[in-house]
Amino acid sequence: MEVVIYRTYEEISMASAAVVADVINSKPNMVLGLATGSTPLGLYTELIRMHKEEGLDFSHVSTFNLDEYVGLSPDHPQSYHYFMHENLFKHINIEPQNVHVPSGTTSNYHAFCQWYENRIEECGGIDLQVLGIGSDGHIAFNEPGSSLGSRTRIKTLSKETIDDNARFFDKREDVPIYAITMGVGTVLEARKLILLANGANKAKAITDAIENPVSSMCTASALQLHPDSTLFLDTDAASQLKMREYYEWIQAKKPGAPASS
Ligand code: F6R
C-alpha cells in the first residue's frame, strides 16, 4: 500500500490522471474501473484535457463503474449513468459498447449482478480501478459490515452515506436507499487500485483504512490486502495519520523525487 500526500486537490487530480494515462498508453485496450462522486471530478477533467490536447486515446478502452442507485434510470440527473456521461464519456472517444455502468432499473438484479461479474471477466479483468472513500470508510457502496469477499450485489446504503449524498438531491428523502455495487472481493481482483481522498471529513476513514486493522467495519481497509494499491491524499484527508511524516519521507526518498530545497 503506497500513501502519497499532496497539498491540494488539484495535485491529487493531476497525479492520479498521470497514473491512468500511463496504464492506457502502455495497454491501449486496458479495462478501467471508474468511480463517481465529487472526488474523481478533477481526475476526469484532467483526462479530458489529456484526450483533447495530448491525444490520449480511449478508443480501445473498456470501462466498468463501481455502482449505481437502484431505481434511477440512466437519464436521471442524479444517476451514475448520467454523471459519467456528463463528466467523462461525452468528452472522450470511448466506444459506447465498451462502457459498463450497473443497471439501476433491471427487472432481475440477481441475474444482472452475475452478468456484470461475468462481463468483467470476459473483458480480461480490471487493470486499474479508481476509488473514492465514504466518510464511513466505504469503497464503492460496500458499507460498514460488508463482507470483504463480497461480489456485485444490491446493498442498503448507511444513514451516513444517505446524509453525505443528500447534497446531490433536492431533499434527503429523494436519496435512494439501495444501490447495486461491485463487492469488496470484486474490487480486490483489479490488478491495480488507486484511491483518492480529499478534505477533513475523510480523515478518520483514511486513518482507519491505512493504519487500523483490516476490518469489514471500514471496507477501504481491504486495500491493505492488495499487492498494488496507492492512496492519493490531500493534507486534510491525511491529517489524522499517525505515520504521516514517514509516508512523506518515503515519498521524498523515492528514486526520481524532486530534491528538497
Ligand atoms: C461512487 C462510490 C463511492 C464514492 C464515495 C465518496 O461511485 O463508489 O464509494 O467514491 O462515496 O464520494 P465523494 O467523492 O462524493 O465524497
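The values are calculated or read from the model by the stated rules, or taken from the named source; none is laboratory data. On a predicted model such as this, the values are computed, not experimentally measured, just so you know. Note: ideal-geometry Cβ built from the backbone for every residue, glycine included; neighbour counts use all protein chains shown. All accessible areas refer to the heavy atoms of the entire protein, side chains included, with ligands and DNA or RNA removed. Shrake-Rupley method; radii C 1.70, N 1.55, O 1.52, S 1.80 Å.
Among the conditions (1) closer than 24 Å to residue 190 by Cα; (2) open to solvent by 20 Å² or more (accessible area, probe 1.4 Å); (3) β-branched (Val, Ile, Thr), the only one that residue 24 does not satisfy is (2). Restricting 14, 50 to those that are within 19 Å of the chain's Cα centre (by Cα), of a type in the set (A, V, I, L, M), more than 13 Å from the ligand (Cβ to nearest atom) and assigned to a helix (DSSP H, G or I) reduces the list to 14. Comparison of 62, 73 shows that the only residue that is open to solvent by less than 20 Å² (accessible area, probe 1.4 Å) and of a type outside the set (Asp, Glu) is 62.
Residues in the range 113-130 that are away from the ligand (no atom under 16 Å from the Cβ) and either hydroxyl-bearing (Ser, Thr, Tyr) or farther than 17 Å from residue 43 by Cβ (or both): 114, 115, 117, 118, 119, 121, 122, 123, 124, 125.
So, residue 192, is that one crowded, with 16+ Cβ neighbours inside 10 Å, away from the ligand (no atom under 16 Å from the Cβ) and either within 20 Å of residue 39 (Cβ to Cβ) or within 17 Å of the chain's Cα centre (by Cα) (or both) or not? Here the answer is yes, as residue 192 does meet what is asked.
For the range 165-189, a residue qualifies if it is surrounded by 14 or more Cβ atoms within 10 Å (Cβ to Cβ), farther than 30 Å from residue 121 by Cβ and in contact with a helix residue (DSSP H, G or I) (Cβ under 8 Å, 6 or more places away or on another chain), and the qualifying residues are 166, 175. Which numbered condition trips up residue 126, out of (1) in contact with a helix residue (DSSP H, G or I) (Cβ under 8 Å, 6 or more places away or on another chain); (2) open to solvent by 20 Å² or more (accessible area, probe 1.4 Å)? Tallying (1) in contact with a helix residue (DSSP H, G or I) (Cβ under 8 Å, 6 or more places away or on another chain); (2) open to solvent by 20 Å² or more (accessible area, probe 1.4 Å), residue 126 fails exactly one: (2).
Among the residues of the range 131-164, those identified as touching a residue at least 60 places away in the same chain (Cβ under 8 Å), near the ligand (Cβ under 9 Å from one of its atoms) and not in a loop (DSSP other than H, G, I, E, B) are 131, 139, 142. Of the residues making up the range 171-215, those that are over 17 Å from residue 152 (Cβ atoms), touching a Ser or Thr at 6+ places or on another chain (Cβ under 9 Å) and assigned to a loop (DSSP other than H, G, I, E, B) are 175, 177, 198, 199, 212, 213, 214. The single condition among (1) open to solvent by 10 Å² or more (accessible area, probe 1.4 Å); (2) closer than 12 Å to residue 184 by Cβ; (3) in contact with a strand residue (DSSP E or B) (Cβ under 7 Å, 6 or more places away or on another chain) that residue 214 does not satisfy is (3). For the residues 72, 43, the requirement of being within 16 Å of the ligand (Cβ to nearest atom) and assigned to a loop (DSSP other than H, G, I, E, B) singles out 72. Residue check: is residue 87 among the polar types (S, T, N, Q), in contact with a Ser or Thr (Cβ under 6 Å, 6 or more places away or on another chain) and in contact (Cβ under 8 Å) with a residue 12 or more places away in the chain? When the stated conditions are applied, residue 87 does not pass them.
Restrict the check to the range 240-261 and report whether at least one residue is of a type in the set (Gly, Ala, Ser), surrounded by fewer than 22 Cβ atoms within 10 Å (Cβ to Cβ), within 19 Å of the chain's Cα centre (by Cα) and not in a loop (DSSP other than H, G, I, E, B). Looking for residues that are of a type in the set (Gly, Ala, Ser), surrounded by fewer than 22 Cβ atoms within 10 Å (Cβ to Cβ), within 19 Å of the chain's Cα centre (by Cα) and not in a loop (DSSP other than H, G, I, E, B), one finds none in the range 240-261, hence no.
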